[in-house]
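Input: a single structure, listed below in structure tokens.
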Amino acid sequence: MRDPDAFYPGNRTRDEWLAECAFDPSCAGAVIVPGGAPLPGTEAADQQPTEPAPPPAVPDPTTATIDDVAEFAPDPPRVVGEPDGVGVVGMPTNFVVDAIEHTATGDIFDIPVTVRFTPVSYVFDYGDGTRQETTTPGTSWEDLDAPQFTVTDTSHSYGEPGEYEVGVTIRYAAEADAGGGWFPIAGLLELATPTTVVRIVDVDTALVERTCTEDPRGPGC
């Protein structure tokens, strides 16, 4: 007797299908009428044929983010306080961080690349609760051809004597080249320098490296 809830290949009855095709995968083609119960061993037959899985995507280094290239980051540079790590209350102490462009080679997604980091901004933490963000790493008074205690873009004046730990957080933009030219990497890398200690003294006369005869443009001359 034919099962009214199922249809079998070759117009077979259920018993004929069980006897002839139960262990033959090519015969497992029963179709269950909506509302009918699945037949034993026909679960696979209920599934519709699926499309072959697409091949795995080819790795694309241009989709990399800053986290993917962080391992190639430069070593933290040092920050220097002028003059010689000693400053005077109420007068500018100049700070310079030695941050430069950095290039490294390695792999992104198993593809050889060259990665380039360029410093784009600097957050100076002067250790007294004051912070300043700049686009310059600072310039020494000597390179500026300026006398000591001249105000610069990265200098800071302290209001109290004492020792202060100064550090800089450098933000780097990154690019990479996989052989076809440079492309930008999404995100910015933040790298903190080791702190440097500056001693601020409270004196009436500015500390200078040279006398007024040696440097007529020095402070107090």
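Suppose we filter region 85-128 for residues that are farther than 20 Å from ASP153 by Cβ and either open to solvent by 50 Å² or more (accessible area, probe 1.4 Å) or in a strand (DSSP E or B) (or both); how many remain? Within region 85-128, residues that are farther than 20 Å from ASP153 by Cβ and either open to solvent by 50 Å² or more (accessible area, probe 1.4 Å) or in a strand (DSSP E or B) (or both) number 17. Considered as a group, the residues in region 162-221 that are under 18 Å from TRP141 (Cβ atoms) and polar (S, T, N, Q) include one that is modelled with the highest pLDDT, and that residue is THR196.
Residues in region 145-203 that are open to solvent by 60 Å² or more (accessible area, probe 1.4 Å), within 16 Å of ASP84 (Cα to Cα) and assigned to a strand (DSSP E or B): GLU163, GLU165, VAL197, ARG199.
The values are calculated or read from the model by the stated rules, or taken from the named source; none is laboratory data. Here the structure is a predicted model, which is why all the values come from computation and not from measurement. Cβ sites come from the backbone with ideal geometry, for glycine too, and all protein chains shown count toward neighbours. Only protein heavy atoms, including side chains, enter the accessible area calculation; ligands, DNA and RNA are left aside. Shrake-Rupley method; radii C 1.70, N 1.55, O 1.52, S 1.80 Å.
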